[in-house]
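Working notes, structure below.
The values are calculated or read from the model by the stated rules, or taken from the named source; none is laboratory data. These numbers come from a predicted model, not from an experiment. Cβ atoms come from the backbone with ideal geometry, glycine included; neighbour counts cover every protein chain shown. Surface areas here come from the heavy atoms of the whole protein model, side chains and all, with no ligands, DNA or RNA. Shrake-Rupley method; radii C 1.70, N 1.55, O 1.52, S 1.80 Å.
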Amino acid sequence: NAGVTQTPKFQVLKTGQSMTLQCAQDMNHEYMSWYRQDPGMGLRLIHYSVGAGITDQGEVPNGYNVSRSTTEDFPLRLLSAAPSQTSVYFCASSPTGSDEKLFFGSGTQLSVL
Amino acid sequence: GENVEQHPSTLSVQEGDSAVIKCTYSDSASNYFPWYKQELGKRPQLIIDIRSNVGEKKDQRIAVTLNKTAKHFSLHITETQPEDSAVYFCAARDSGTYKYIFGTGTRLKVLA
């Protein structure tokens, strides 16, 4: 198993540009989520999903869109990037059953100039 | 919604001493409490977890305790070593929505 795969690892955008961060998992996990990590702020939940066709907002959803068309994929879209979205982004997944362990991808370092 | 508070934000201990990190949560629906260790430039890695029907769990030098009534849980690291230096995060998982909310992290420095 590859686990949780995120691409790209690094990205530089200009203000106003759009892009999609990709996340895929091969563990058949129902739950998938996106976090952003900023110094001193911990890991803040952006959006999450408990299955294909189901998404919901987390703590800091503004400026981000998600969709979940398959169990495996959970892309995060920035429609019009802003400097405030400069951060490290982590995708994470887990089962929804009794084995709750949350697995993280390797992260995407995003800079918006 | 759930809110998780974590203290302290930084902690320095001498090698061999113990370290304790504390977290409180607000939502009584949370039933699973993991702890993650994150080294510089790496992804968070699960080091220990506890479910709401258990009061304490131990794995070698690390242990976690949970007080459901007070809604707080703690990470204990004994006989600290330089390789324990990292940022540690606590989290709480909501039993209804399955979402995980994290604390703001504790930077632990073990001084040789």
*May I ask you to work out the translational diffusion coefficient for the stretch B:60-112 at 10 °C, viscosity 1.306 mPa s, via Stokes-Einstein with Rh from the Kirkwood sum over Cα pairs, reported in whole µm²/s?*
123 µm²/s
*Per residue, how much accessible area does the stretch A:20-97 show when a 1.4 Å probe rolls over the protein heavy atoms, in square angstrom?*
39 Å²
*Percent of accessible area on the protein assembly as shown owned by carbon and sulfur, 1.4 Å probe?*
49 percent
_Karplus 3J(HN,Hα) series, Hz, for the stretch A:60-72 with 6.51 cos²θ - 1.76 cosθ + 1.60 (x for Gly, Pro)_ = 9, x, 5, x, 10, 10, 9, 8, 9, 8, 10, 5, 7
*Go through the stretch B:56-73 residue by residue and turn each phi into a ³J(HN,Hα) via Karplus (6.51, -1.76, 1.60, θ = phi - 60°); whole Hz please, and just put x for glycine and proline.*
8, 9, 10, 9, 6, 8, 10, 8, 10, 10, 10, 10, 5, 4, 8, 6, 9, 9
*Amide H neighbours of B:I50 under 5 Å, at least 5 residues apart or on other chains, H built in the peptide plane: list them.*
B:F33
*Residues A:A52 and A:S80, FRET efficiency given R0 of 25 Å [Cβ-Cβ distance, rounded to 0.05]*: 0.40
*Using a 1.4 angstrom probe, figure out how much accessible area the stretch B:5-56 has per residue, in square angstrom, rounded to the nearest whole.*
53 Å²
*Can you list the residues, at least 5 places off or on another chain, whose amide H is less than 5 Å from the amide H of B:A91, using H built in the peptide plane?*
B:G103
*Accessible surface, 1.4 Å probe, highest first, among residues B:T24, B:T80*: B:T24, B:T80
*Segment B:K71-B:S18, extension gain: residue separation times 0.36 nm, minus the distance between their alpha carbons*: 16.8 nm
*What order do B:E5, B:E79 take when sorted by accessible area (1.4 Å probe), most exposed first?*
B:E79, B:E5
*Over the C-alpha atoms of the stretch B:6-61, what are the Rg and the largest Cα-to-Cα span, Dmax, in Å?*
13.3, 38
*asked:* If I ignore ligands, DNA and RNA and count only protein heavy atoms, how much of B:E83 is accessible to a 1.4 Å probe, in Å² to the nearest 10?
replied: 110 Å²
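Kirkwood Rh, the protein assembly as shown, all Cα pairs: how many Å? Display every interim value, and only then the final one.
Numbers: mean 1/r = 0.0557 Å⁻¹.
About 17.9 Å for the protein assembly as shown.
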*Paired Rg and Dmax values of chain B, which use every Cα atom, in angstrom*: 13.5, 44
*Kindly provide log₁₀ I(q)/I(0) values, in the same order as q = 0.11, 0.22 Å⁻¹, from the Debye equation applied to equal alpha-carbon scatterers of the stretch A:1-83.*
-0.30, -1.14
